[in-house]
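For reference, the structure discussed in these notes is given below.
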Amino acid sequence: MARIAIVYHSGYGHTAKVAEHVRKGAAISGADVRLYEAEDLSAPDKGPWAELAAADAIIFGAPTYMGSVSAAMKQFIDASSKVWMSRTWENKLAAGFTTSGSLSGDKQVTLQQLATFAAQQGMIWVGNSLPTGYNASGHDFGTALNRAGFFLGLGTQSLVDLPADQTPNDADLKTAELFGRRVAEATLRWARVPAEPALA
Ligand SMILES: Cc1cc2nc3c(=O)[nH]c(=O)nc-3n(C[C@H](O)[C@H](O)[C@H](O)COP(=O)(O)O)c2cc1C
């Protein structure tokens with residue numbers, strides 16, 4: 001069984017909802033997918049760090065606040081510096097997602113921050129392979145998958161005046177599920193295929 005951890009922060013429930021749909025999509029046969037709240041990992045000596053160490057892949061999720069990851073997510077990122085010292089996450093797969101109020105809203109910065117964090121930890125980043133569903137006339141913005149057109153990771157839009165049971169829309173949640181599935185499929189391949197013996 002390949003183990004996938006999803007670590008996320010959500011101030012108002014929207015990122016939590018996206019995380020739940022990433023989990024749903026990742027829950028394919030052979031994958032054990034678990035959700036973790038970043039607040040429970042806010043200090044290096046407290047929280048389920050051992051479970052993260054046992055994972056084959058870790059997916060990071062944060063809302064975009066003021067053009068970057070939320071403070072609670074950054075707290076988790078900084079708390080992981082002990083992991084950085086021990087290289088425990090080296091060669092695990094990693095991926096990232098965010099949601100924000102604007103269609104762009106500088107989500108790219110959040111995804112770049114998460115990808116840089118994963119690189120610092122020696123992890124292997126898996127991007128979003130879904131073609132953007134909204135880049136030509138005739139496309140329907142309301143139903144298009146990957147409608148905001150993010151490839152570094154998953155970017156969804158949560159309208160700021162609606163609660164998490166009404167936003168992001170179904171297209172974004174479906175995109176989240178397909179993104180989760182992609183990471184899970186990559187993890188199964190990564191976890192099961194033994195390395196070739198080194199050339200003499
Ligand atoms: C402190 C704060 C800063 C925000 N900054 C941005 C931003 O930079 N770009 C954006 O598009 N939306 C921004 N928003 C809107 C949030 O990204 C949006 O409401 C998101 O759904 C919140 O996710 P959450 O419910 O998981 O906390 C901000 C919201 C808050 C509370």
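The values are calculated or read from the model by the stated rules, or taken from the named source; none is laboratory data. All values reported here derive from a predicted model rather than from experimental measurement. No Cβ is skipped: glycine too gets one built from the backbone with ideal geometry, and neighbour counts run over all protein chains shown. Side chains are part of the model used for accessible areas, which takes the heavy atoms of the whole protein and leaves out ligands, DNA and RNA. Shrake-Rupley method; radii C 1.70, N 1.55, O 1.52, S 1.80 Å.
Which one of these does Asp45 not meet: (1) farther than 29 Å from Arg192 by Cβ; (2) under 16 Å from the mean Cα position of the chain (by Cα)?
(2)
Do the conditions hold for Ala171, that is, is it of a type in the set (Gly, Ala, Ser), in contact with a Ser or Thr (Cβ under 6 Å, 6 or more places away or on another chain) and surrounded by fewer than 22 Cβ atoms within 10 Å (Cβ to Cβ)? Break it down stepwise before answering.
Values: of a type in the set (Gly, Ala, Ser): yes; in contact with a Ser or Thr (Cβ under 6 Å, 6 or more places away or on another chain): yes; surrounded by fewer than 22 Cβ atoms within 10 Å (Cβ to Cβ): yes.
Yes.
How many of the residues making up region 103-148 are in a helix (DSSP H, G or I) and within 16 Å of the ligand (Cβ to nearest atom)? Spell out the reasoning first.
Kept after step one, since they are in a helix (DSSP H, G or I), are these residues of region 103-148: 107-120.
Pick out the ones that are also within 16 Å of the ligand (Cβ to nearest atom) and you get 107-114.
Total satisfying the criteria: 8.
Lys17 - would you say it is more than 16 Å from the ligand (Cβ to nearest atom), touching a strand residue (DSSP E or B) at 6+ places or on another chain (Cβ under 9 Å) and within 20 Å of Asp172 (Cβ to Cβ)? Walk me through how you get there before you give the answer.
Values: more than 16 Å from the ligand (Cβ to nearest atom): no; touching a strand residue (DSSP E or B) at 6+ places or on another chain (Cβ under 9 Å): yes; within 20 Å of Asp172 (Cβ to Cβ): yes.
For Lys17, the condition - more than 16 Å from the ligand (Cβ to nearest atom), touching a strand residue (DSSP E or B) at 6+ places or on another chain (Cβ under 9 Å) and within 20 Å of Asp172 (Cβ to Cβ) - is not met.
Would you mention how many residues in region 74-102 are open to solvent by less than 70 Å² (accessible area, probe 1.4 Å) and either within 16 Å of the ligand (Cβ to nearest atom) or not in a helix (DSSP H, G or I) (or both)?
15
What number of residues in region 54-73 are touching a helix residue (DSSP H, G or I) at 6+ places or on another chain (Cβ under 6 Å), away from the ligand (no atom under 16 Å from the Cβ) and open to solvent by 20 Å² or more (accessible area, probe 1.4 Å)?
1
Any idea which of Glu51, Glu37 is farther than 21 Å from Leu130 by Cα, open to solvent by 30 Å² or more (accessible area, probe 1.4 Å), within 16 Å of the ligand (Cβ to nearest atom) and not hydrophobic (A, V, I, L, M, F, W, C)? It would help to see each step written out before you state the result.
Numbers: Glu51 fails: within 16 Å of the ligand (Cβ to nearest atom).
On inspection, the qualifying residue turns out to be Glu37.
Please name all residue pairs, on different chains or six or more residues apart, with Cβ atoms under 7 Å, provided the first residue is in region 62-73 and is within 14 Å of Gln112 (Cα to Cα) and the second residue is hydroxyl-bearing (Ser, Thr, Tyr) and assigned to a helix (DSSP H, G or I).
Sorted first by the residue in region 62-73, then by its partner, the pairs are Ala62/Thr15; Ala62/Thr110; Pro63/Thr15; Thr64/Thr110; Ser68/Thr110; Val69/Thr110.
Which residues, taken from region 133-143, are under 17 Å from Ser102 (Cβ atoms) and crowded, with 17+ Cβ neighbours inside 10 Å?
Looking only at region 133-143, we keep the residues that are under 17 Å from Ser102 (Cβ atoms), and these are 134, 141-142.
Once the filter is applied, which keeps residues that are under 17 Å from Ser102 (Cβ atoms) and crowded, with 17+ Cβ neighbours inside 10 Å, region 133-143 yields only Tyr134.
Scan region 27-45 and give yes if some residue there is in a strand (DSSP E or B) and touching a residue at least 60 places away in the same chain (Cβ under 8 Å), otherwise no.
Applying the first criterion (in a strand (DSSP E or B)) to region 27-45 yields 31-37, 43.
Within this subset, residues satisfying the condition of being touching a residue at least 60 places away in the same chain (Cβ under 8 Å) are 31, 33.
Checked against the condition, which is being in a strand (DSSP E or B) and touching a residue at least 60 places away in the same chain (Cβ under 8 Å), region 27-45 yields at least one hit.
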